[in-house]
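Comments concern the structure below.
The values are calculated or read from the model by the stated rules, or taken from the named source; none is laboratory data. Not measured: the values here are computed from a predicted model. Cβ placement follows ideal geometry from the backbone for every residue including glycine, while neighbour counts extend to all protein chains displayed. For accessibility, only protein heavy atoms count, side chains too; no ligands or nucleic acids. Shrake-Rupley method; radii C 1.70, N 1.55, O 1.52, S 1.80 Å.
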Amino acid sequence: MAKYNPLTPELVKTLQSIVGAKNVMVDPEKMETYSHDEETDPRYQHMPEAVVFPDNVGQIAEIMKLANRELVPVVARGGGTGLAAAAVPLCDGIVISTEHMNQVLEINEEAMYMVVQPGVRTDDVQKAAKDRGLFYAGDPCSGDSCVIGGNVATNAGGNRAIKYGTTRNQVYGFEIVTPQGKIVHLGGRLEKSTTGYSLDHLVMGAEGTLGIITEITLRLKPMPHNVIDLLAIFPTIDQAIAIVTKVIKAGITPTCVEFMDNATIKSVEHFLKAKQPHSDVGNYIIIQVEGQSEEDMEDKSVLLDELCMANGALEVLVADPAKIWHARKSFLEAAREESLIQSKEDMVVPVDQIANLMHEAAKISGKYGLASRIASHAGDGNVHFHVLKGALADDVWDNTLKAFQKEIYTLVYKLGGKLSGEHGIGYKRRHLMEEYTNPDELEMMRAIKKALDPNLILNPGKIFTVE
Ligand SMILES: Cc1cc2nc3c(=O)[nH]c(=O)nc-3n(C[C@H](O)[C@H](O)[C@H](O)COP(=O)(O)OP(=O)(O)OC[C@H]3O[C@@H](n4cnc5c(N)ncnc54)[C@H](O)[C@@H]3O)c2cc1C
């Protein structure tokens, strides 16, 4: 890793002159929050030397010029809800928080776009669109606490990716500050473009390693009016998962197809202290569909009901959206109540392979005696397979997890999958990235990083190592 310089008192003064003294934090107690994201294993935490809260892009450009000149690392931070320790300042240095850059700048109803600062909460983006009769399709389960800049930086997925795609598909273009402090606009308000490299697509999902996103133009859509959420409950995981491809083959394009296994349902029931249907034996598939009209929605519901019942469902219910989505979105907190330390695998496979993955993964975790909780954006092949440490001793946990991951990722790659569907690599999966990625592909990524950030100033130590 590159050699960096410490943040001297003189440099802190310079930061204060850029953003104002009250917008520079150096108190270790206050900075603790910025030493971690939502990954709870203390081994992935690291304190910054300062946290700064800029108001505008000009200030961020000045900070980057200073950091690049003085060789002080910088990490951008949004809501801090990441699950890969990607926003952790591993090499000390400065955290740039986008908390103060939290304004919706423009909504154009006619052309259906919205311009936002990076620190706007995702739920607030959705709400701002809804207030104008429009729809923002991005919907990560962390929407109440993550922010849009973090979503773009991680190319967040979420519940509606099966129909609307990931965050990448919701973005027209954006402004970044480069590691050298230049302000550059990428993408454009275009439906198509073959005009050189797609640098916008490169930066989206790069986890803050190539530039700091300072303003984003988002695509909006007409608000869907006829929406229904069905809850299909199956006695086995295999039956539940088998329904995914059947729904797609039936010609229905669902908005969401989500899965929760029985252990997860029990865990959520306990956490929320709210009885869930068939929680004794059930495995859930939540299917959301939109219709052109009430009649169209009815027809789709009937077809889905028939498909699920023919596939052995115990029951298919019209779900209360607030209750069922609250249950689904409580998955992580519920599992965390059971075990603060857990390995949150985020594997993704081709959709037609998800049944194989789920079947084999249960066998592998069983073989190692590991307790697991599973929730999945099943419609797009993305499985959150959380393995709980529970009462295992540290060394037993480390060794067992290593052996489990070796088997599971060998399987995932054999099925044509990858390490992460949406949470990213960050620091937590860096070693796995280096183990499982084709060396030529990894070399291309390293070359891009070195070309765009030769001093390795921006978010060092993330995704892969680079000298
Ligand atoms: C309960 C829960 C549910 C979740 N559900 C989902 C889900 O359904 N789908 C999903 O994809 N993820 C999910 N996540 C993970 C996480 O919420 C997403 O990855 C989210 O996009 C992170 O946004 P953030 O603002 O919190 O980013 P942070 O955690 O602050 O940062 C994440 C990464 O983005 C970089 N970054 C942040 N802001 C900027 C910026 N302005 N410019 C450049 N880089 C930046 C950081 O450096 C870091 O590398 C969930 C997390 C939790 C805790």
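Could you go through the range 64-73 and let me know if any residue there is within 14 Å of the ligand (Cβ to nearest atom), open to solvent by 30 Å² or more (accessible area, probe 1.4 Å) and over 19 Å from residue 156 (Cα atoms). Looking for residues that are within 14 Å of the ligand (Cβ to nearest atom), open to solvent by 30 Å² or more (accessible area, probe 1.4 Å) and over 19 Å from residue 156 (Cα atoms), one finds none in the range 64-73, hence no.
Kindly establish whether residue 281 is among the β-branched types (Val, Ile, Thr) and out of contact with any helix residue (DSSP H, G or I) (no Cβ under 7 Å at 6 or more places or on another chain). For residue 281, the condition - among the β-branched types (Val, Ile, Thr) and out of contact with any helix residue (DSSP H, G or I) (no Cβ under 7 Å at 6 or more places or on another chain) - is not met.
Look through the range 202-251, keep the residues that are assigned to a strand (DSSP E or B) and within 16 Å of the ligand (Cβ to nearest atom), and return whichever of them is nearest to residue 89 (Cα to Cα).
Within the range 202-251, the subset assigned to a strand (DSSP E or B) is 212-219, 221-222, 226-234.
Then drop every residue that is not within 16 Å of the ligand (Cβ to nearest atom), which leaves 212-218.
Details: 212: 15, 213: 17, 214: 19, 215: 23, 216: 24, 217: 28, 218: 28 Å.
Checking each candidate, the answer is 212.
Would you mind finding the one in 68, 56 that is farther than 14 Å from residue 176 by Cα and at pLDDT 95 or above? Write out each step before concluding.
On the way: 56 fails: farther than 14 Å from residue 176 by Cα.
Criteria check complete, one pass: 68.
Pairs are defined by a Cβ separation below 8 Å, a sequence spacing of at least 6 or placement on different chains, a first member in the range 97-110 that is more than 27 Å from residue 75 (Cα to Cα), and a second member that is modelled with pLDDT of 95 or more and open to solvent by 80 Å² or more (accessible area, probe 1.4 Å); the pairs so defined are 107/132; 109/132.
Mind checking whether some residue in the range 57-67 is within 19 Å of residue 150 (Cβ to Cβ) and part of a strand (DSSP E or B)? No: the range 57-67 contains no residue that is within 19 Å of residue 150 (Cβ to Cβ) and part of a strand (DSSP E or B). The set of residues in the range 419-453 being more than 20 Å from residue 36 (Cβ to Cβ) and either of a type in the set (Asp, Glu) or in contact (Cβ under 8 Å) with a residue 60 or more places away in the chain (or both) consists of 419, 421, 434, 435, 440, 441, 443, 448, 449, 452, 453. Is one or more of the residues making up the range 253-265 farther than 19 Å from residue 298 by Cα, at pLDDT below 95 and outside any strand (DSSP E or B)? Scanning the range 253-265 turns up no residue that is farther than 19 Å from residue 298 by Cα, at pLDDT below 95 and outside any strand (DSSP E or B).
Would you check if residue 78 is near the ligand (Cβ under 9 Å from one of its atoms) and without any contact (Cβ under 8 Å) to a residue 40 or more places away in the chain? Working first, answer last.
Numbers: near the ligand (Cβ under 9 Å from one of its atoms): yes; without any contact (Cβ under 8 Å) to a residue 40 or more places away in the chain: no.
Considered against the rule, which asks whether it is near the ligand (Cβ under 9 Å from one of its atoms) and without any contact (Cβ under 8 Å) to a residue 40 or more places away in the chain, residue 78 comes out as no.
Listed here are the residues, each with its yes/no results for (1) free of Cβ contacts under 8 Å to residues at least 24 places away in the same chain; (2) under 20 Å from residue 174 (Cα atoms); (3) open to solvent by less than 10 Å² (accessible area, probe 1.4 Å).
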| site | (1), (2), (3) |
| --- | --- |
| 8 | yes, no, no |
| 24 | no, no, no |
| 27 | yes, no, no |
| 32 | yes, no, no |
| 35 | no, no, yes |
| 44 | no, no, no |
| 51 | no, no, yes |
| 90 | no, no, no |
| 94 | no, no, yes |
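Within the option set 322, 310, 355, being of a type in the set (Gly, Ala, Ser) and farther than 30 Å from residue 225 by Cβ holds for one residue only, 355. Looking at the range 99-199, the helices (runs of 4 or more DSSP H) lying wholly inside it that each contain 3 or more residues that are within 12 Å of the ligand (Cβ to nearest atom) and buried (at least 22 other Cβ atoms within 10 Å of the Cβ) sit at 148-154.
Could you tell me whether residue 80 is under 30 Å from residue 6 (Cα atoms), modelled with pLDDT of 95 or more, of a type in the set (Gly, Ala, Ser) and surrounded by fewer than 23 Cβ atoms within 10 Å (Cβ to Cβ)?
Working: under 30 Å from residue 6 (Cα atoms): yes; modelled with pLDDT of 95 or more: yes; of a type in the set (Gly, Ala, Ser): yes; surrounded by fewer than 23 Cβ atoms within 10 Å (Cβ to Cβ): yes.
In short, yes.
The residues listed here are 435, 422; of these, the one that is among the charged types (D, E, K, R) and more than 23 Å from residue 157 (Cα to Cα) is 435. Candidates 466, 387, 412: the one that is open to solvent by less than 30 Å² (accessible area, probe 1.4 Å), within 16 Å of the ligand (Cβ to nearest atom) and out of contact with any Cys (no Cβ under 6 Å at 6 or more places or on another chain) is 466.
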